[in-house]
1. In the range 1-68, if every C-alpha pair distance is counted and binned at 5 Å from zero, what percent goes to each bin?
2. Going by alpha carbons, how many degrees (0 to 90, nearest 10) lie between the helix axis of 80-90 and the longest principal axis of the chain?
3. Cα-Cα over 25 Å: which of K90/K136; K14/K48; K7/K28; K90/K113; K89/K113?
4. If you put +1 on each Lys and Arg Cβ and -1 on each Asp and Glu Cβ, how big is the dipole of the chain around its Cα centre, in Debye rounded to 20?
5. Given +1 on the Cβ of Lys and Arg, -1 on the Cβ of Asp and Glu, and no further charges, what dipole in debye does the range 1-72 carry about its Cα centre, rounded to the nearest 20?
6. So which chymotrypsin sites (Phe, Trp or Tyr not before Pro) in the range 15-88 end up in coil per DSSP with only 14 or fewer other C-beta atoms within 10 Å?
7. For the range 73-131, which trypsin sites (Lys or Arg not before Pro) are in a loop by DSSP, counting at most 15 other Cβ atoms within 10 Å?
8. Cα centroids of the range 133-149 and the range 53-111: how far apart, whole angstrom?
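Values quoted throughout were computed directly from the atomic coordinates according to the rules given, and no laboratory measurement underlies them. For clarity, every value in this text was computed on a predicted model and none was experimentally measured. Positions of Cβ are backbone-derived with ideal geometry, glycine not excepted, and every protein chain shown enters the neighbour counts.
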Amino acid sequence: MKLSSLKPALGSVKNDKKRLGRGQGSGKGGTSTKGHKGAQSRSGYSAKRGFEGGQMPLQRRVPKFGFTNINRVEYKGINLDVIQQIADKKKITTIDLAVLVSNGLVSKSDRVKILGRGELTSKVDVKVHAFSASAKQAIEAKGGTAATI
């Protein structure tokens with residue numbers, strides 16, 4: 001070990017910013033790097049969210065369009081190939097909301113709709129909120145049941 005290789009313990013020496021407003025000799029006195037006058041030089045200043053220096057803000061420049069239907073019902077779509085994977089992996093024939101939640105596909109509060117992508121290779125009974133016509137037909141073609149909650 002040499003004296004030239006000694007260093008202070010990690011975290012014991014802070015590399016703080018220079019202290020502002022402590023006289024001209026510090027190099028950061030006077031206006032304390034805030035410039036002269038104006039809102040940004042005053043204490044308590046904080047820019048409003050979206051403020052662009054007086055220019056018309058983006059959220060006011062862009063036109064509004066469309067509307068949100070308050071009666072819309074959002075469904076989480078699950079395809080037949082996913083249903084078949086669960087049936088094969090877990091060796092079950094009845095799939096309901098609890099099974100989908102336990103497999104991490106939906107949350108408890110989601111409304112679920114079974115969609116028709118993929119193929120079923122085994123008889124499966126499915127009980128969820130909604131079915132597409134092709135999914136319902138495919139499930140019933142294999143001898144399963146498609147029941148709505």
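1. Spelled out per bin, shortest first, that is 3, 11, 10, 12, 10, 10, 10, 9, 7, 6, 6, 3, 2, 1, 1.
2. So the inclination is approximately 90 degrees.
3. On the way: K90/K136 22 Å; K14/K48 32 Å; K7/K28 29 Å; K90/K113 21 Å; K89/K113 21 Å.
Pairs exceeding 25 Å: K14/K48; K7/K28.
4. Working: 29 positive and 10 negative charges, 313 e Å.
Computed about the Cα centre, the dipole is about 1500 debye.
5. 60 debye
6. Numbers: sites: Y45, F51, F65, F67, Y75; in loops: Y45, F51, F65, F67.
The qualifying sites are Y45, F51, F65, F67.
7. Those that pass, being in a loop and sparsely packed, are K91, K108, R117, K123.
8. The range 133-149 and the range 53-111 have Cα centres separated by 21 Å.
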